[in-house]
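The values are calculated or read from the model by the stated rules, or taken from the named source; none is laboratory data. Please read all numbers here as calculations on a predicted model, not as lab measurements. Here Cβ is always computed from backbone atoms with ideal geometry, including for glycine, and neighbour counts include all displayed protein chains.
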């Protein structure tokens, strides 16, 4: 079967063009979708407030679930909080929280992120009761270069008041095997915390 008129030739040409374009677009979209790097950065589902090196601090943990490394990993922690200005206007303000360390050459295992609650921290002026009434969120962001695909990946997590545990510390992830020669890391404990009787020096 073949077209015998001008209109038939035009129709067949359009069908061929649309078919080729359709296959090409599908292949391009599928490749772009599959080739996108996917991060498997896990965050602890809770953050803790406790003393660290004799100073109250907000802490959470993050880790790379892939069997590779994230090169030049950086972490940022921001406080989103609803405040009222002196003129009585309600607005959402963002504070960048300083960290004891916000960069690591490579993220292969776990990372305890620490925000010292000093006089420069906006959290130092708020008690636990104040935070329970405040409309706020802590947003943590990790980004870096995946060494496998050589592309930048990023991941984020949000903590609210219900996710913060006071006077707790994280369970140690590191332990030795039966021979005592090799150190093992159990990432399944990344979310686990224990309560301490000692109160942090906090409002």
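So how many residues does the range 64-96 have that are loosely packed, with under 12 Cβ neighbours inside 10 Å and either outside the structural domain of residue 122 (by TED's automatic domain parsing) or not in a strand (DSSP E or B) (or both)?
Our first condition is that a residue be loosely packed, with under 12 Cβ neighbours inside 10 Å; within the range 64-96, this holds for 65, 67, 84-92, 94, 96.
Now drop any that are not either outside the structural domain of residue 122 (by TED's automatic domain parsing) or not in a strand (DSSP E or B) (or both), which leaves 65, 67, 85-89.
Total meeting the criteria: 7.
Conditions tested, residue by residue: (1) closer than 24 Å to residue 167 by Cβ; (2) in contact with a strand residue (DSSP E or B) (Cβ under 6 Å, 6 or more places away or on another chain); (3) modelled with pLDDT of 90 or more.
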{"position": "22", "(1), (2), (3)": "no, no, no"}
{"position": "30", "(1), (2), (3)": "no, no, no"}
{"position": "33", "(1), (2), (3)": "no, no, no"}
{"position": "37", "(1), (2), (3)": "no, yes, no"}
{"position": "44", "(1), (2), (3)": "yes, yes, yes"}
{"position": "83", "(1), (2), (3)": "no, yes, no"}
{"position": "103", "(1), (2), (3)": "no, yes, yes"}
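Limited to the range 117-164, what total is found for residues that are in contact with a strand residue (DSSP E or B) (Cβ under 7 Å, 6 or more places away or on another chain) and crowded, with 18+ Cβ neighbours inside 10 Å?
14
Applying the selection to the range 132-152, what residues are touching a residue at least 12 places away in the same chain (Cβ under 8 Å) and assigned to a loop (DSSP other than H, G, I, E, B)?
Matches in the range 132-152: 134, 135, 147, 148, 149.
Could you tell me which of the residues 101, 61 is under 30 Å from residue 148 (Cβ atoms), assigned by TED's automatic domain parsing to the domain that holds residue 167 and not in a strand (DSSP E or B)? Steps first, answer last, please.
Numbers: 61 fails: not in a strand (DSSP E or B).
Of the residues listed, the single one that is under 30 Å from residue 148 (Cβ atoms), assigned by TED's automatic domain parsing to the domain that holds residue 167 and not in a strand (DSSP E or B) is 101.
Go through the range 140-170 and report how many residues are under 20 Å from residue 52 (Cβ atoms) and over 17 Å from the mean Cα position of the chain (by Cα).
Number satisfying all stated conditions: 6.
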